[in-house]
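All remarks here apply to the structure that follows.
Laboratory data are not the source of any read-out in this text; all were calculated from the coordinates shown. Predicted, not measured: the structure shown is a model, and the values here were computed from it. Cβ placement follows ideal geometry from the backbone for every residue including glycine, while neighbour counts extend to all protein chains displayed.
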2 protein chains.
Amino acid sequence: EISVRDYQTCHRTVQLPGLVNIAAFVPGLVSRDSDDLQAVTKASIAAGFSMIRVMPVGKDGSISDLKSLKVAQQNGKRGAYCDFNLSITAASDNASQISNAAGEVGSLFIPFNHLSDNISKVAAVEAHFDAWPTHKPIITDARTTDLASILLLASLHNRRIHVTAVTTKNDIKLIALGKEKGLKVTCDVSIYALYLSQTDYPGCHFLPTAEDQAVLWEHLATIDVFSVGSLPYQLARFLNQPADVAVGIEDSLPLLLTSVAEGKLTVDDIITRLHDNPKEIFELHDQVGTTLEVEIDRPCVVAATSSWSPFAGKVLKAAILRVTFQDEAVCLDGSVLPVPPRGSDMSTHGALPPMVAISSPAV
Amino acid sequence: EISVRDYQTCHRTVQLPGLVNIAAFVPGLVSRDSDDLQAVTKASIAAGFSMIRVMPVGKDGSISDLKSLKVAQQNGKRGAYCDFNLSITAASDNASQISNAAGEVGSLFIPFNHLSDNISKVAAVEAHFDAWPTHKPIITDARTTDLASILLLASLHNRRIHVTAVTTKNDIKLIALGKEKGLKVTCDVSIYALYLSQTDYPGCHFLPTAEDQAVLWEHLATIDVFSVGSLPYQLARFLNQPADVAVGIEDSLPLLLTSVAEGKLTVDDIITRLHDNPKEIFELHDQVGTTLEVEIDRPCVVAATSSWSPFAGKVLKAAILRVTFQDEAVCLDGSVLPVPPRGSDMSTHGALPPMVAISSPAV
Ligand SMILES: [Zn+2]
Ligand SMILES: [Zn+2]
Ligand SMILES: [Zn+2]
Ligand SMILES: [Zn+2]
Ligand SMILES: [Zn+2]
Ligand SMILES: [Zn+2]
Ligand SMILES: [Zn+2]
Ligand SMILES: [Zn+2]
């Protein structure tokens, strides 16, 4: 669609805080000597994400015990270009083991769809709710009745729960209903799910239908966070395209800013969902001296690089001019400058429950 | 097991109120000119059940619209030997239609396992919660994550929900947890499920495992109601035995009273779960002049009649001496007397919401 805005020559330059990708997918996270974590942090900082939460998903990306956690920590020491934290994944039988790792990870991920058998799902999740420290975040990818199920358990245990990568109208409506009734539930939607649907890629069931996507946009107020997630990687695999570990990261902010240019989102909508809410929900550290400068309304053709993108050749109406990390410019006009990796593993931030302040006696 | 009690010669005669089977299975309920409802009421009154709630389940037993309701009502007019009421069954698409029938049935049954597709389950159940009158009972056979799912929806809508025919340790534990946390949930267990397990009938997955059964007994305090249900009929079909419509009804009370004789239950446990709680949960009418006299500790061999029973030839330690319905003896020593059928369709009892009393102004 061509709007009158396309003919404007005035571009807005806006400063944003460093952004958070709450669901970064790192394929080789727990493979020994993998460079994937470094590659993902490099693509992230160039795209404006100064903090990523690495989700423990996929065959070689899943941290489920202390051994795989150690490998991921070692890979993190190879040098990261932005800050990151690690999460641990729940299995049917590891509730007691992973509570030992609680102090060394940012959150517990309950991949509801991959818990072994249907019979034990409720019992397994129940065991995790009982074993995981109450102050630490829990995140899940549960869908439909599984989603309702985990929301009930969270409600019965008075726990906060974050639902990641919501794609359907029924799930977003259930979350909206839950919020309305006082459940402590938050959620994110993958940015690709806001811009690509099964109409674009028939048979691609992990994308929303066009109807689902319309309902997601209608429920913007229910969506706490935008994420990159593993959806871009899944799409590349589905289409037999080279599944670069950085796929989807670069497109994310320009896609959202294009919606700002088109009047569908505000800059505040983005800051809320890529900085403020992620920090609050996942109790993330402050990133001092970390900002980005973006230009909105500047038509920019998505380059066809070695990293495949479904948007290659399309015009987006935004560009990232500069990324500043820890008071140093690390990226100019989309190119990463030759700076050493300065990111840290922030997994232990917030590991301890908040201290109860002891009030001094009144004098 | 042989206990010292087997050698006692002193039998206790106890008077009970007329019992309620909250989940009666009537195979041909909505088949035109079927005698099944009459046959089930006759077997019920002989077995001490003066009121049955007919569950709308099975191929020819399911009331899902006004047309099938009319057929069932007609079959009820052929003469019933005890009181009964009818319920209507929820489908994926009949939420708006069945609310029209609300005034003519005792409750809404949500057969969660048979709702068409997984995707629409939550949305379909949500639609029923919104459409069904708030004062009328809702009953479901949901299991595992579906159970958790429907409990969440009930909780979000502040609705009471009754879970029928619980068979597994995980489900009874979830219900116990829900009750502990204040959910308005009640449940029943099929009497057969308390006495038969997959150890007795390998491969019979609708029976509890021996472990499940032990946990059900441990959670007696969580079980609000004992029911007959469709389990006896399912078992007969599974074993290729003649599936008489009355299967399981006659055994029910003697099985429970045998547990009284063995010290595993009290008479009060039975009255609570077959009279008091059913009346309260399903807002049933009072049955004046309706009682039964039973003898506990009298060894009685279960006769091998035309109606198949898995207990045929076994010794139960109880007998029903007399059933009085509406001040008339209708059954003596297990035989139905030649009395006309006096039962009524009580479906409209409690159809209207409770009246709000208007207080007179203080003088
Ligand atoms: Zn410009
Ligand atoms: Zn618990
Ligand atoms: Zn902090
Ligand atoms: Zn910040
Ligand atoms: Zn006697
Ligand atoms: Zn509703
Ligand atoms: Zn009444
Ligand atoms: Zn009574």
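Inside segment A:148-174, can you point out the residues that are outside any loop (DSSP other than H, G, I, E, B) and more than 11 Å from chain B (Cβ to nearest Cβ)?
Once the filter is applied, which keeps residues that are outside any loop (DSSP other than H, G, I, E, B) and more than 11 Å from chain B (Cβ to nearest Cβ), segment A:148-174 yields A:Ile161, A:His162, A:Val163, A:Ile172.
When you check A:Ser197 against the structure, is it more than 14 Å from chain B (Cβ to nearest Cβ) and out of contact with any Pro (no Cβ under 8 Å at 6 or more places or on another chain), yes or no?
Considered against the rule, which asks whether it is more than 14 Å from chain B (Cβ to nearest Cβ) and out of contact with any Pro (no Cβ under 8 Å at 6 or more places or on another chain), A:Ser197 comes out as no.
Return yes when B:Thr258 is in contact with a Pro (Cβ under 7 Å, 6 or more places away or on another chain), of a type in the set (S, T, N, Q), away from every other protein chain (no Cβ under 14 Å) and more than 16 Å from ligand 3 (Cβ to nearest atom) and no when it is not.
So B:Thr258 fails the test.
What's the number of the condition A:Arg298 fails, among (1) part of a helix (DSSP H, G or I); (2) surrounded by 16 or more Cβ atoms within 10 Å (Cβ to Cβ)?
Among (1) part of a helix (DSSP H, G or I); (2) surrounded by 16 or more Cβ atoms within 10 Å (Cβ to Cβ), A:Arg298 violates only (1).
A:Asp188 versus (1) surrounded by 23 or more Cβ atoms within 10 Å (Cβ to Cβ); (2) within 12 Å of another protein chain (Cβ to nearest Cβ): which is the lone unmet condition?
(2)
Listed here are the residues, each with its yes/no results for (1) surrounded by 15 or more Cβ atoms within 10 Å (Cβ to Cβ); (2) part of a loop (DSSP other than H, G, I, E, B).
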| residue | (1), (2) |
| --- | --- |
| A:Ala193 | yes, no |
| A:Thr199 | no, yes |
| A:Pro208 | yes, yes |
| A:Asp212 | yes, no |
| A:Tyr233 | yes, no |
| A:Pro242 | no, yes |
| A:Val245 | yes, yes |
| A:Ser252 | yes, no |
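Here is a check on your reading of the model: is B:Ala142 within 16 Å of A:Leu147 (Cβ to Cβ), within 12 Å of chain A (Cβ to nearest Cβ), more than 16 Å from ligand 6 (Cβ to nearest atom) and not in a helix (DSSP H, G or I)?
Yes: the conditions hold for B:Ala142.
Cβ contacts < 7 Å: first residue in contact (Cβ under 8 Å) with a residue 12 or more places away in the chain, restricted to segment B:282-307; second residue hydroxyl-bearing (Ser, Thr, Tyr) and more than 16 Å from ligand 8 (Cβ to nearest atom), any location; separation 6+ or different chain. Result?
From segment B:282-307, the pairs are B:Phe282/B:Ser107; B:Glu293/B:Thr13; B:Glu295/B:Thr13; B:Val302/B:Ser309.
Among the candidates B:Ala72, B:Ala102, single out the residue that is more than 14 Å from chain A (Cβ to nearest Cβ), closer than 28 Å to B:Asp35 by Cα and either touching a Leu at 6+ places or on another chain (Cβ under 7 Å) or crowded, with 21+ Cβ neighbours inside 10 Å (or both).
Of the residues listed, the single one that is more than 14 Å from chain A (Cβ to nearest Cβ), closer than 28 Å to B:Asp35 by Cα and either touching a Leu at 6+ places or on another chain (Cβ under 7 Å) or crowded, with 21+ Cβ neighbours inside 10 Å (or both) is B:Ala72.
If a residue has to be in a strand (DSSP E or B) and not small (Gly, Ala, Ser) to count, how many in segment B:48-94 make the cut?
Residues in segment B:48-94 being in a strand (DSSP E or B) and not small (Gly, Ala, Ser): 12 in total.
Go through segment B:30-47 and report how many residues are within 16 Å of the chain's Cα centre (by Cα), within 24 Å of B:Pro137 (Cα to Cα) and not hydroxyl-bearing (Ser, Thr, Tyr).
2
In segment A:303-337, what residues are under 17 Å from A:Ile191 (Cα atoms), in a loop (DSSP other than H, G, I, E, B) and touching a strand residue (DSSP E or B) at 6+ places or on another chain (Cβ under 8 Å)?
Listed by number, the list holds a single entry, A:Lys314.
Out of segment B:232-269, which residues are on the phi > 0 side of the Ramachandran plot and in contact with a helix residue (DSSP H, G or I) (Cβ under 7 Å, 6 or more places away or on another chain)?
Hit for segment B:232-269 is B:Gly248, nothing else.
Under 6 Å between Cβ atoms, which residue pairs at least 6 apart in sequence (or on different chains) link something in segment A:16-37 that is touching a residue at least 60 places away in the same chain (Cβ under 8 Å) with a partner that is part of a strand (DSSP E or B) and within 16 Å of ligand 1 (Cβ to nearest atom)?
Filtered contacts from segment A:16-37: A:Leu16/A:Leu292.
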